Structure formats: structure tokens, C-alpha cells
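Here is the structure we will look at, set down as C-alpha cells.
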Amino acid sequence: MDKASLIGSIIGFLCCAVVCVMASGGNLMMFYSPKGFIMVFGGTISVIFMAMPMENIKAIPGYCKRFMFNGGLTPLETVKVMSALSDKARRDGILSLESEVEKIKDPFLAKGLRMAVDGTDEEIIETTLRLEVMAMQERHKNGKKFFDLVKLYSPGYGLVATLIGQVGMFGNLGGDIATLGSMLAIAVVATMYGTVLANAVAGPMGDKLATRSGEEILSREMMVQGILSIQAGDNPRATQEKMLAFIPQGVRSKMNIAA
């Protein structure tokens, strides 16, 4: 589980909860409006169905899971793994990596190493792996697109509900005060729903997925270079230097100190 995502979610929830309790004196039901809820959440769902194909909609639980859990290798972990594999290949031969392939959990790395062990041509390995990276980028764009849609349109539907509430309020001027209060609550609470959904939920989750996507693309590129280096029979030190070229200098220094 990603600790940063969990900590941020808890802090955001607590801040909203504490302020709501302080503002309402403990009567949290004043923040509930079924009409505003239907308008904002129902409208946002309708936009998602209109803007995204069904196969991408089915993947939404995976997008949300990706926010909280990160199963991929970080760039530093990639350096360590590729350095160890390069050292073993140089010491025992590239065929010795066949036993290591089954232990590798990352399917991208396992596929590339298997091709290298099988003696596949270097150009074919590079082309195949880069096509995998391109396909992964497209999948990540779909996940980011989902959160961007929510971020863009939920405040808009909140505004629609606000306008509906105002029309109802103006239409009942001089009438029952309870009706006026209900219409005003729709106008205000619906705007709050849309704003919170966009800025406290969808926006941060989409940005986290974009960050993760960049890290994973970098890690994949490091793996490609490492696999090609291993297949070429490069010195393990040279392979590691190729990996470290992707790492910021400050992080590289810390890694060397730790080593």
C-alpha cells in the first residue's frame, strides 16, 4: 500500500469532517441533500458513460486500486535487480538467468529476459518491449482520463444543481419558508459536492496516477536498456552505469553511499 496516498486521504477526510462538525454543531445531516447528490453524482456518472468506452469503464476499480497500491518496481529497485542479473549473467552465462525468470514478478522484465535467454535478436527484443511500453502508456492515459472527467464535470453538475435550486427558490418567493430553505440548501450543498469531488478526490488521484505512470515508464526504459546490455555481454558495472543514468544525481549519491 502507498503510505503517502493513505496519509493524504486520511488528512483530507479528517479536515472535511472536523470543519463540518464545527460548522454544523454536530448536525451533519444539514450537509445532506438528496437532490444535490443525485444531480452531482448521477450527472458525473452519466458523463463517464458518454465519454468513455465500456471496456475502460469496467477497468475503473483497477484505476482506484492503482491509487492506493503500487506493485511495480521503483527506479532504484530496478537498478538493484538489473545489476544483480547482469552480475549473474557475466559470471555464469546468460543461460543461467533462465532459472531467475520464473522468480521475477514483473511480467515486462520476465518477458524481456526470456527473449534474451532464448537468443532473440536484439532489434526484435527492443521493438517488442517498446511496443509493450506504448500499450502501457495508453492504458495509463485511460485511467488519467477517468479522473480528469470527474474533475472537469462534477463542479459543472454542481453548478447546474445550484441553478435549479435558485430557480426553485425564486419561484417560491413569498411562499413557504421551508421550501425556500430546501431550494437554497440544494443550491449550496450541490456546489460543495461538486467541488469536493473534483478537488479532494478526482484531482489528487489523477495526479498520483500520472506520477506513477511516469515512474513506471522510466522503470521500463531502464529494464529495456539493462536487458539489451546483458544480452550484449557488457560488464556489470557498465550495465549499472546505464541504469544510473536515469536516476537524479542526488539520489545516485545516496545509493552509492548506501551500497
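We did not get these values from a lab; they are worked out from the coordinates using the rules stated. Values in this document were obtained by computation on a predicted structure and should not be read as measured data. A quick note on method: Cβ atoms are made from the backbone with ideal geometry, for glycine too, and the neighbour counts reach across all protein chains shown.
Our summary of shape: the Cα atoms of segment 104-247 have principal axis extents of 86, 25, 20 Å, ordered from largest down, in whole angstrom. State whether segment 202-253 is rounded, prolate or oblate according to the following rule on the C-alpha gyration tensor (a ≥ b ≥ c being the square roots of its eigenvalues): a/c under 1.5 gives rounded; otherwise a/b larger than b/c gives prolate, and the remaining case gives oblate. It comes out oblate by the Cα gyration axes.
Per residue, the chain reaches -25500 deg cm²/dmol at 222 nm when only DSSP H runs of four or more residues are counted, each adding -39500 (n - 2.57). Contact order, relative form, for the chain: 30 percent (alpha carbon pairs under 8 Å, 6 or more residues apart, mean separation divided by residue count).
Here the contact order of segment 1-116, divided by its residue count and restricted to Cα pairs under 8 Å and six or more residues apart, works out to 24 percent.
Which of rounded, prolate or oblate describes the chain when judged by the alpha-carbon gyration tensor and an a/c cut-off of 1.5?
prolate
Give the distance, in whole Å, between the Cα centre of segment 1-63 and the Cα centre of segment 111-139. Value for the Cα centre distance between the two parts: 39 Å. Of all lysines in the structure, the ones whose alpha carbon falls short of 25 Å from that of Lys65, not counting any fewer than 8 places away in one chain, are Lys3, Lys103, Lys105, Lys111, Lys141, Lys144, Lys145, Lys151, Lys208.
Each peptide among 230-238, 20-28 gets the average number of other Cβ atoms lying within 10 Å of its residues, and from highest to lowest they stand as 230-238, 20-28. Taking a ≥ b ≥ c as the square roots of the eigenvalues of the alpha-carbon gyration tensor, segment 1-56 is classed oblate because a/c is 1.5 or more while a/b is no larger than b/c.
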